[in-house]
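Below is one structure, written out as structure tokens, with a few remarks after it.
The values are calculated or read from the model by the stated rules, or taken from the named source; none is laboratory data. Quantities reported herein were computed from a predicted structural model and do not represent experimental measurements. Here the Cβ positions follow ideal geometry from the backbone for every residue, glycine too, while neighbour counts run over all protein chains shown. These accessible areas exclude ligands, DNA and RNA; they are computed on the full protein's heavy atoms, side chains included. Shrake-Rupley method; radii C 1.70, N 1.55, O 1.52, S 1.80 Å.
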Amino acid sequence: MAEPLVGVGIPTHNRAVKLGRAVESVLAQTHGNVELVISDNASSDDTESLCRSVCERDRRVRYLRSPVNRGPTANFNILFRELCGDYVMVLSDDDWLDERYLADCLGELRADPELALVCGRARYLRDGAVVKQGVDIQLQDDSPARRVLSYLRDVDENGVFYGLMARAVLLRAAPLRNVLGNDWLLAAAIAAQGKVRTIDTAALNRDLGGTSADFSRLVATLGLPRWQARIPHLMIAFEVLADIGWRAPVYRELRAGDRARLALAGAWSVISWRSLAWHATMPAFAALGRRPHGRWLWRAYERFTRLLGAGGSS
């Protein structure tokens, strides 16, 4: 039997220096029946010339270029529509895959029809050296509601977002919404459709410091009101409540009462109270720290929040 077509989508913007590594990692996969779609958000660096060169030497690659920067959310959604593979995934333009990533994830998916998504465990590197391993997410409960709630309680760096799944699963979870926590919402909608497994035989490699986790920068990138960076986890909680409670079609199979309970429990579980307190109080203490007689207060505040484990990327 012919190998199933696996589609990989890479959204990119002005990342030509690292994009080549991501592209080559897809083209070097041991699973050969691959389509690679690169969606370029109007890059002004060498991204276009790099991508057109790759297209000329490998027919498996398709390059899409926007005349204007539409923002990352629109770029992801274009890829969701354009990918034609039987199985699909997205890859960040500064990440790269072990050569057996697609083959190993696909093998798990085809062997177990209860799986909606399989991902390799993330490996975080700095200057080529492994610094830490990503979270091992296993959502194996038979109950869709319990899988979703377990995911929302434990989500951290969200390697699930870069897992392999059937194209129908992705389309049913899409679109990606232009809100804080949009990748969490998508991954939760995937978990509602089936079980999720993380494997250790092939890794998703990620450079530390690649994508910023700072909410102020994230809000600016998404084009959202700046005040949302002051209460990020409350905003994410509201989006979880809305998505599960009434917005996302994937949850309509739940009974009304079960859906309402899951929406409330999910929203509550994603609130980081330490981070919420930090974002609410930090601007006032930072302003005091800029005054000659307030610097000691700012330094004390910094030490106290570090001890509590709070901070801008929490």
Of all residues making up segment 213-239, the number that are open to solvent by 30 Å² or more (accessible area, probe 1.4 Å), over 18 Å from the mean Cα position of the chain (by Cα) and closer than 21 Å to Val155 by Cα: 4
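For segment 74-81, check the following and say yes or no: at least one residue is in contact with a strand residue (DSSP E or B) (Cβ under 6 Å, 6 or more places away or on another chain) and either assigned to a loop (DSSP other than H, G, I, E, B) or aliphatic (A, V, I, L, M) (or both). First the steps, then the outcome.
Of all residues in segment 74-81, those in contact with a strand residue (DSSP E or B) (Cβ under 6 Å, 6 or more places away or on another chain) come to 75-76, 78-79.
Then drop every residue that is not either assigned to a loop (DSSP other than H, G, I, E, B) or aliphatic (A, V, I, L, M) (or both), which leaves 78-79.
Yes; the residues of segment 74-81 include at least one that is in contact with a strand residue (DSSP E or B) (Cβ under 6 Å, 6 or more places away or on another chain) and either assigned to a loop (DSSP other than H, G, I, E, B) or aliphatic (A, V, I, L, M) (or both).
Filter segment 15-24 down to the residues that are touching a helix residue (DSSP H, G or I) at 6+ places or on another chain (Cβ under 8 Å) and open to solvent by less than 60 Å² (accessible area, probe 1.4 Å) and list them by number.
Kept after step one, since they are touching a helix residue (DSSP H, G or I) at 6+ places or on another chain (Cβ under 8 Å), are these residues of segment 15-24: 15-16, 19-20, 23.
The answer is Ala16, Leu19, Gly20, Val23.
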Residue count for segment 98-125, restricted to those that are within 15 Å of the chain's Cα centre (by Cα), open to solvent by less than 10 Å² (accessible area, probe 1.4 Å) and closer than 13 Å to Arg206 by Cβ: 3
Residue, surrounded by the fewest Cβ atoms within 10 Å (Cβ to Cβ), within segment 25-47, restricted to residues that are in contact (Cβ under 8 Å) with a residue 40 or more places away in the chain and of a type in the set (Ser, Thr, Tyr): Thr30
The lone exception for Ala2 - which of (1) outside any helix (DSSP H, G or I); (2) out of contact with any helix residue (DSSP H, G or I) (no Cβ under 9 Å at 6 or more places or on another chain); (3) of a type outside the set (Phe, Trp, Tyr); (4) surrounded by 15 or more Cβ atoms within 10 Å (Cβ to Cβ) it fails: (4)
Every pair of residues 6+ apart whose Cβ atoms lie under 6 Å, when the first sits in segment 1-18 and is in contact (Cβ under 8 Å) with a residue 60 or more places away in the chain and within 11 Å of Asp95 (Cα to Cα) while the second is crowded, with 18+ Cβ neighbours inside 10 Å and of a type in the set (Val, Ile, Thr): Ile10/Ile38
Hey, Asn178 closer than 16 Å to Met89 by Cα and not aliphatic (A, V, I, L, M) or not: no
Some residue of segment 56-67 being loosely packed, with under 15 Cβ neighbours inside 10 Å and under 30 Å from Gln193 (Cα atoms): no
Positions within segment 82-115 being farther than 16 Å from Ala168 by Cβ and assigned to a helix (DSSP H, G or I), in sequence order: Tyr101, Leu102, Ala103, Asp104, Cys105, Gly107, Glu108, Ala111
Breaking point among (1) of a type in the set (A, V, I, L, M); (2) under 15 Å from the mean Cα position of the chain (by Cα); (3) assigned to a helix (DSSP H, G or I), for Leu204: (3)
Per-region count, segment 134-180, residues of a type in the set (Gly, Ala, Ser), surrounded by fewer than 19 Cβ atoms within 10 Å (Cβ to Cβ) and in a loop (DSSP other than H, G, I, E, B): 2
Single residue of Phe238, Phe304 found to be closer than 24 Å to Val179 by Cα and either modelled with pLDDT under 70 or out of contact with any Gly (no Cβ under 8 Å at 6 or more places or on another chain) (or both): Phe238
Of all residues making up segment 242-257, the number that are over 29 Å from His13 (Cβ atoms) and either open to solvent by 50 Å² or more (accessible area, probe 1.4 Å) or outside any helix (DSSP H, G or I) (or both): 7
Hits in segment 16-41 (condition: modelled with pLDDT of 95 or more and in a loop (DSSP other than H, G, I, E, B)): Ala28, Gln29, Thr30, His31, Asn33, Asn41
From Tyr124, Tyr63, Tyr87, residue being aromatic (Phe, Trp, Tyr) and either modelled with pLDDT under 95 or over 22 Å from Glu24 (Cβ atoms) (or both): Tyr124
